[in-house]
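Undergrad: Provided herewith is a single structure, encoded as structure tokens, for subsequent inquiry.
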Amino acid sequence: MAALTTATSETLLARYAVDIAFVAEEWPATTLTGLAEQMQTAAEHMAGAGIQGTDDLETAATCLLAAETPDLTERMVYLTRAARFLTSATDMVDEYRLML
């Protein structure tokens with residue numbers, strides 16, 4: 001598991017957009033809203049493949065949508081929560097790739 005650093009929209013997009021887009025079968029997201037939407041689609045695809053942990057993706061997506069707030073403190077809280085729920089996302093995507 002990777003160590004958590006300060007979560008920002010840029011770091012979350014850089015770390016997860018390509019993998020999540022692969023599973024969602026779309027181009028990588030460039031916004032938090034786009035990433036959240038793709039995470040919901042990816043969660044459905046992975047759940048259909050029997051991969052455990054997809055609830056965390058859906059929760060992270062909810063956090064990302066909530067992070068679209070002008071309040072900087074709230075934004076940081078939601079981004080940090082999303083990052084925590086995404087800690088196993090790379091492993092889930094790797095498992096999905098192996099199933100294909």
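The values are calculated or read from the model by the stated rules, or taken from the named source; none is laboratory data. This structure is a prediction, so every number in the text was calculated from the model and none was measured. Positions of Cβ are backbone-derived with ideal geometry, glycine not excepted, and every protein chain shown enters the neighbour counts.
Undergrad: Can you tell me which condition Thr8 does not meet? The list is (1) in contact with a helix residue (DSSP H, G or I) (Cβ under 6 Å, 6 or more places away or on another chain); (2) touching a residue at least 40 places away in the same chain (Cβ under 8 Å), and all the others hold.
TA: Thr8 satisfies every listed condition except (1).
Undergrad: Taking the condition within 17 Å of Ser9 (Cα to Cα), exposed (fewer than 15 other Cβ atoms within 10 Å of the Cβ) and β-branched (Val, Ile, Thr), does Thr31 pass?
TA: The answer is yes for Thr31.
Undergrad: Another question, then. Pairs under 7 Å by beta carbon, first residue closer than 15 Å to Ala36 by Cα in segment 64-76, partner surrounded by fewer than 17 Cβ atoms within 10 Å (Cβ to Cβ) and at pLDDT below 95, six or more apart or different chains?
TA: Here the result reads Arg75/Thr69, each pair linking segment 64-76 to a residue that is surrounded by fewer than 17 Cβ atoms within 10 Å (Cβ to Cβ) and at pLDDT below 95.
Undergrad: Output the residue which, of all residues in segment 78-93 that are over 10 Å from Ala7 (Cβ atoms) and not hydroxyl-bearing (Ser, Thr, Tyr), is surrounded by the fewest Cβ atoms within 10 Å (Cβ to Cβ).
TA: Asp91
Undergrad: Considering each of Thr54, Thr41 in turn, give the residue that is hydroxyl-bearing (Ser, Thr, Tyr), modelled with pLDDT of 95 or more, crowded, with 17+ Cβ neighbours inside 10 Å and within 21 Å of Ala7 (Cα to Cα).
TA: The conditions single out Thr54.
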